[in-house]
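The values are calculated or read from the model by the stated rules, or taken from the named source; none is laboratory data. In this text, all values refer to a predicted model and were calculated from it rather than measured experimentally. Cβ sites come from the backbone with ideal geometry, for glycine too, and all protein chains shown count toward neighbours.
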Amino acid sequence: MRDESLVAQAAGGDRDAFTSLVERYGSRVLAVIEKQVGDHHGALDLAQEVWIKVYAALEDFRHGATFRPWLFAIVFNSIRDDHRNRARRRDRVSEVEPGQWEGAAAAGRYDPTATVAELEHIDAALAGVPEPFRAALQLVDALDFSYDEAAQSLDCSEGTVKSRVHRGRIAFRDLYEKLSGGARRSAHPSPSTSSRRAIASPGSAPAQEKLES
């Protein structure tokens, strides 16, 4: 069933339809959030908040719109709010908890065919790509969004998304090459392939695991 049909049913009170949407996109939402906040438990909490916001906003979903960019607009708005809240908390303390701001996930977590070192390099390189280029890279290279869909999610023009993806790929490639010891470029995973391994694969727990039925 199409996403938009499920949205219409969920907006009418069909909880099974909403559950289907969560099951369809839960792991991808969690993976994107976790890459941005660098904290699995914090990502679970934020993913739950996202789905609560989505449920509350279903009646506002515009007829004829596409669900996926609408969903990830909520995701990235929630991530930005979380970053601002973290920054305010950081300003109130004298010492940041070690690892709080790191974006790398645990080695060996995503792709069983990749080496531990490769996964570490991919995670670290991706974490080093500055925003907003990393968000555009996640949507286009990892989640297969069109430039138009990514533009809707990030509330910017299609041309801006193309520029951000281009610059994100360059930043990722350069960081990966430095971290992997400067081996031949042909031996490195492409930004797209690496991003898929590091971002798009489901995390260790679905985003809906904390939602109450």
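One table, with the values for the structure above:
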| item | result |
| --- | --- |
| When residues of segment 142-171 are limited to those that are polar (S, T, N, Q) and assigned to a helix (DSSP H, G or I), the one surrounded by the fewest Cβ atoms within 10 Å (Cβ to Cβ) | Ser163 |
| Check on Ser153, of a type in the set (Ser, Thr, Tyr), modelled with pLDDT of 75 or more and under 13 Å from the mean Cα position of the chain (by Cα) | yes |
| Qualifying residue in segment 173-180 (condition: within 17 Å of the chain's Cα centre (by Cα), modelled with pLDDT under 90, surrounded by 14 or more Cβ atoms within 10 Å (Cβ to Cβ) and within 21 Å of Ala31 (Cα to Cα)) | no |
| Residues satisfying the stated conditions in segment 25-46, i.e. among the charged types (D, E, K, R) and surrounded by 16 or more Cβ atoms within 10 Å (Cβ to Cβ) | Arg28, Glu34, Lys35, Asp39 |
| Positions within segment 67-84 being under 13 Å from the mean Cα position of the chain (by Cα), charged (D, E, K, R) and either at pLDDT below 90 or more than 16 Å from Leu139 (Cα to Cα) (or both), in sequence order | Arg80 |
| Condition met for Gly64 (at pLDDT 90 or above, assigned to a loop (DSSP other than H, G, I, E, B) and not hydrophobic (A, V, I, L, M, F, W, C)) | no |
| Residue match in segment 1-15 (condition: farther than 22 Å from Gly64 by Cα and acidic (Asp, Glu)) | no |
| Selection count where residues are surrounded by 12 or more Cβ atoms within 10 Å (Cβ to Cβ) and either farther than 15 Å from Ser153 by Cβ or over 21 Å from the mean Cα position of the chain (by Cα) (or both), scope segment 53-64 | 3 |
| Single condition Val37 does not satisfy, out of (1) closer than 17 Å to Ala127 by Cβ; (2) modelled with pLDDT of 90 or more | (2) |
